[in-house]
Amino acid sequence: MSSARRGERTDKDVVAGATPLVFVVDDDLSVRESLEVMFRYAGFQVETFASAQEFLVRPRALAPSCLVLDVGLPDLNGLDLQRQVAGDRADMPIIFITGCGDVPMSVRAMKAGAAEFLTKPFDDEVILEAVRQATQRSRVTLVEQCELCAIRNRYALLSRREQEVLELVISGLLNKQVGAELGISEITVKAHRGQVMRKMQVRSLADLVTIAAKLGVERCSRSSTRQMQ
């Protein structure tokens with residue numbers, strides 16, 4: 001069964017088909033304009049900002065993206081902005097650009113998760129390749145996030161009893177054994193198991209085990225199940 005009805009586009013579909021978006025934050029107008037022209041010519045969407053605060057009020061986009069960020073900004077410097085967005089935007093790699101970078105600064109940026117640290121003037125192909133790699137990484141991360149969100153939404157549709165059945169089934173118990181653990185008939189277990197497979201949109205036990213692992217659902221031992229009774 002497909003994770004969406006025919007004709008329905010999921011967030012994963014949107015991300016997979018979206019044109020990558022490059023955010024440029026630099027207080028130098030000439031730098032913003034030249035980078036915008038270059039990135040657009042290379043096939044990217046581009047949005048430019050003169051300050052960190054301008055960028056921060058921009059709503060999050062459901063598209064692969066990267067941030068090309070000047071270190072020396074007039075309000076909030078690039079390293080401080082990196083700290084603000086890194087935790088919330090793991091899907092948006094940051095490429096630093098600077099006209100006065102030094103080794104300690106670049107080490108600090110890279111340790112905090114920066115994808116690249118380039119010193120002006122830089123070769124056009126170097127920054128283009130950095131952007132290509134960053135936006136591809138962003139696409140992979142976003143797709144994984146969308147898949148996990150969809151799985152969590154499906155899991156939330158399960159009743160408590162169906163969740164218990166799922167935990168025992170992925171632990172390797174047969175329907176008869178699950179029924180004995182939960183004090184219900186084998187026929188009832190089969191019904192719950194069918195609902196679990198339908199709601200989780202999987203065809204096999206192997207698929208169910210895989211998505212349960214992504215959710216962090218632990219395999220349930222018999223002793224722990226009895227303690228729940």
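Inside segment 51-97, residues that are over 17 Å from residue 127 (Cα atoms) and among the hydroxyl-bearing types (Ser, Thr, Tyr) make up a count of 1. Any residue at all in segment 2-11 that is in the same structural domain as residue 110 (by TED's automatic domain parsing) and aliphatic (A, V, I, L, M)? Looking for residues that are in the same structural domain as residue 110 (by TED's automatic domain parsing) and aliphatic (A, V, I, L, M), one finds none in segment 2-11, hence no.
Of all the criteria given as (1) buried (at least 17 other Cβ atoms within 10 Å of the Cβ); (2) free of Cβ contacts under 8 Å to residues at least 40 places away in the same chain, the one not satisfied by residue 115 is (2).
Yes/no matrix, rows are residues, columns are (1) assigned by TED's automatic domain parsing to the domain that holds residue 85; (2) of a type in the set (Gly, Ala, Ser); (3) within 24 Å of residue 28 (Cα to Cα); (4) without any contact (Cβ under 8 Å) to a residue 60 or more places away in the chain:
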position	(1), (2), (3), (4)
121	yes, no, yes, yes
128	yes, no, yes, no
131	yes, no, yes, no
135	yes, no, yes, no
144	yes, no, no, yes
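Residues in segment 6-29 that are over 17 Å from residue 71 (Cα atoms) and in a helix (DSSP H, G or I): 7 in all.
Out of 74, 59, one residue alone is surrounded by fewer than 14 Cβ atoms within 10 Å (Cβ to Cβ) and over 26 Å from the mean Cα position of the chain (by Cα). It is 74.
Table: residues versus (1) in a helix (DSSP H, G or I); (2) touching a helix residue (DSSP H, G or I) at 6+ places or on another chain (Cβ under 9 Å).
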site: 31; (1), (2): yes, no
site: 38; (1), (2): yes, yes
site: 46; (1), (2): no, yes
site: 82; (1), (2): yes, yes
site: 91; (1), (2): no, yes
site: 105; (1), (2): yes, yes
site: 110; (1), (2): yes, no
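Of all the residues that make up segment 174-204, how many are in a loop (DSSP other than H, G, I, E, B) and under 33 Å from the mean Cα position of the chain (by Cα)? Qualifying residue count, segment 174-204: 4. Residue check: residue 90 meets all listed conditions (1) loosely packed, with under 14 Cβ neighbours inside 10 Å; (2) among the hydrophobic types (A, V, I, L, M, F, W, C); (3) free of Cβ contacts under 8 Å to residues at least 40 places away in the same chain but one, namely (3). Taking the listed residues 210, 225, the one that is modelled with pLDDT under 95, part of a helix (DSSP H, G or I) and over 24 Å from the mean Cα position of the chain (by Cα) is 225, with no other qualifying. Considering only residues that are over 24 Å from residue 148 (Cβ atoms), touching a residue at least 12 places away in the same chain (Cβ under 8 Å), of a type in the set (D, E, K, R) and surrounded by fewer than 18 Cβ atoms within 10 Å (Cβ to Cβ), which ones fall in segment 177-208? Selection gives 190 alone.
The values are calculated or read from the model by the stated rules, or taken from the named source; none is laboratory data. Since the structure is predicted, the reported quantities are computational estimates derived from the model, not experimental observations. With ideal geometry, Cβ positions are generated from the backbone for all residues, glycine too; neighbour counts draw on all protein chains shown.
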